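What follows is a short report on a single structure.
The values are calculated or read from the model by the stated rules, or taken from the named source; none is laboratory data. What you see is a predicted model; the values in this text were computed from it and never measured. Reconstructed Cβ throughout: ideal geometry from the backbone, glycine too, with neighbour counts over all protein chains shown. These area figures cover heavy atoms from the full protein model, side chains too; ligands, DNA and RNA do not enter into them. Shrake-Rupley method; radii C 1.70, N 1.55, O 1.52, S 1.80 Å.
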Amino acid sequence: MFQPEVTRFVPTIGVVGEGFCFPYLVDLIVKKKSGFSNTKIDVVDGNGTLLLQVKGSMWQFRKKRLMYDSISSPLLTIRQKEVAWRQRWTVHRGVGSEESNLLYTVEQSQSLQFKTQLSVFLATSLTGEICDFCVVGSYVSQSFKVYKGDTLIAEVKQRFNLGSLGKEKFEARVYPGVDYAFIVSLLVILNEIDS
């Protein structure tokens with residue numbers, strides 16, 4: 001059986017929770033299936049073990065997605081804040097949108113962009129002027145990289161399959177100590193902005 005190489009003394013970046021941080025490189029497969037009325041995302045590891053699920057309705061004015069852990073307990077509510085030139089999303093712990101459960105907000109860095117750029121602000125940030133994380137990607141492929149300052153902490157690549165209408169597949173590489181649930185939530189938001 002594959003034994004990942006554990007990196008010693010890695011600081012954790014546990015945005016959703018430290019239980020989603022591992023001291024080794026984590027490769028995930030993210031499968032999205034869109035039907036007529038809803039969308040569903042399954043996140044599995046290299047062994048095919050289900051780690052996360054994301055569900056939501058296709059027909060909502062302000063989009064909302066719910067993320068569940070591997071035992072179907074609600075983990076996050078991902079909600080489009082307002083419809084504007086620069087999209088903004090909020091992510092709350094559990095189900096709902098109480099201010100006390102706000103974890104982070106995500107917004108487009110600029111309204112007109114030639115490449116995807118998102119700024120992530122933690123709820124604990126005092127000023128909200130300098131982002132805590134930055135997402136940089138491509139409109140063409142929905143592949144992107146996540147940075148904390150100048151440090152690369154995750155990469156996501158879209159895999160194209162001809163003839164797979166309503167299905168999308170992504171590969172996510174999450175670096176040691178980084179919260180994979182947080183990275184998947186960024187993928188969900190970016191995918192909704194680009195769709």
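Below are the figures for this structure:
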quantity: Residue among LYS115, LYS145 that alone is open to solvent by 40 Å² or more (accessible area, probe 1.4 Å) and either modelled with pLDDT under 85 or among the acidic types (Asp, Glu) (or both); calculated: LYS115
quantity: Segment 31-65, residues that are at pLDDT 95 or above and touching an Asp or Glu at 6+ places or on another chain (Cβ under 9 Å); calculated: LEU50, LEU51, LEU52, GLN53, VAL54
quantity: Among residues of segment 14-63, those that are touching a Gly at 6+ places or on another chain (Cβ under 6 Å), of a type outside the set (Asp, Glu) and not in a loop (DSSP other than H, G, I, E, B), counted; calculated: 2
quantity: Residue in segment 170-187 that is nearest to GLY14 (Cα to Cα), counting only those that are assigned to a strand (DSSP E or B) and open to solvent by less than 10 Å² (accessible area, probe 1.4 Å); calculated: VAL178
quantity: Members of segment 148-169 that are surrounded by 11 or more Cβ atoms within 10 Å (Cβ to Cβ) and modelled with pLDDT under 85; calculated: ARG159, SER164, LYS167
quantity: Conditions (1) at pLDDT 95 or above; (2) in a loop (DSSP other than H, G, I, E, B); (3) not acidic (Asp, Glu): number failed by THR127; calculated: (1)
